[in-house]
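None of the figures in this text is laboratory data; all of them are computed from the coordinates on show. It should be emphasised that the depicted structure is a prediction, and the values quoted were computed from it without experimental measurement. Cβ sites come from the backbone with ideal geometry, for glycine too, and all protein chains shown count toward neighbours.
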Amino acid sequence: MDCYNVPLFLYGSKKQCGIFTVYAVYTVLIYSVSAWLITDILPVDVRFASPLAGTDLLLCALFGGVISGAGSGIALRFGGAMDGIEVMAVIFAKRIGITVGTFCMIYNVCLYIVCGLVLNSWILPLYSIVTYGAALKTVDFIVDGLDRAKGAIIITNKPAEVTERLSSEFGSGVTLINAKGGYSNAEKTFIYFVVNRFQVTRMRNIVHDTDPAAYITISDVADVFSANHSG
């Protein structure tokens, strides 16, 4: 484990919980041992060529990023972290409205830009950015899941009819929120409804079929804990 990770893991232990740090340290140890086995024990010299991609740097960057992102995503999904930066990402990403993968990507892109300026060479830094771009998408895919939830707020003059149709079509609960129009001062009823990304179009069609004048806003939902939804 790199020395700079130690204070970050200690900070993570304070902000998260002790078991998070235990999982993170365990993950780093497994990662370090695996990296040692691959680079020093395997009969193939992977320092200059990949067993699968050969010496094609673009293929190595892309698939290396996917493999690295898969490892990081699995660790994050089940409560661990691969390094201190991922610990910081777990703590701060959602507070500032970005994903864990995006947080790590921003940090690493800044790091590689500095490396390019210091070394006066941009080939490896640019390939490294490609690697982390692939890793970013893989991490977010594993952490957030394929069916990432969407939260819909529906403003309609027919809340009873819309609620009945949504409950009937999707078999899940609907939340009604009493509100007042800021301009008209009229009493309104908001409908809050959670679906996965593949159900958004169907939900929108049902609402507009019931009330063509309905107003719908849709936003990402970081996670859902319920017997009726998963996200």
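So what J values fall out for region 99-109 if you push phi through Karplus, 6.51 cos²θ - 1.76 cosθ + 1.60 with θ = phi - 60°, rounded to Hz, Gly and Pro as x?
Result, rounded to whole Hz: 7, 4, x, 5, 4, 5, 5, 4, 4, 5, 4.
Say R0 is 35 Å: what FRET efficiency, to the nearest 0.05, do residue 36 and residue 176 get from their beta-carbon distance?
Working: r = 58 Å, r/R0 = 1.64.
Efficiency for this residue pair is about 0.05.
Please work out whether region 66-177 counts as rounded, prolate or oblate from its C-alpha gyration tensor, where a ≥ b ≥ c are the square roots of the eigenvalues and a/c under 1.5 means rounded, while otherwise a/b larger than b/c means prolate and anything else oblate? Could the numbers behind the result be given before it?
Numbers: a/c = 3.20, a/b = 2.70, b/c = 1.18.
Here region 66-177 falls in the prolate category.
Among 33-40, 163-170, how do they line up from the highest to the lowest mean number of other beta-carbon atoms within 10 Å?
Numbers: 33-40: 10.6, 163-170: 15.8.
In decreasing order of mean packing, 33-40, 163-170 become 163-170, 33-40.
Among 197-205, 57-65, how do they line up by average Cβ neighbours within 10 Å per residue, starting with the highest?
Details: 197-205: 14.6, 57-65: 17.6.
Ranked by mean Cβ neighbours within 10 Å, highest first: 57-65, 197-205.
Quick one: the Cα spread of region 119-224 along its three principal axes, in angstroms, biggest first?
64, 34, 22
So between residue 118 and residue 167, what do we pick up on full extension, going 0.36 nm a residue minus the alpha carbon distance?
Working: separation 49, 0.36 × 49 = 17.64 nm, distance 5.91 nm.
Using 0.36 nm per residue and subtracting the Cα-Cα distance, I get 11.7 nm.
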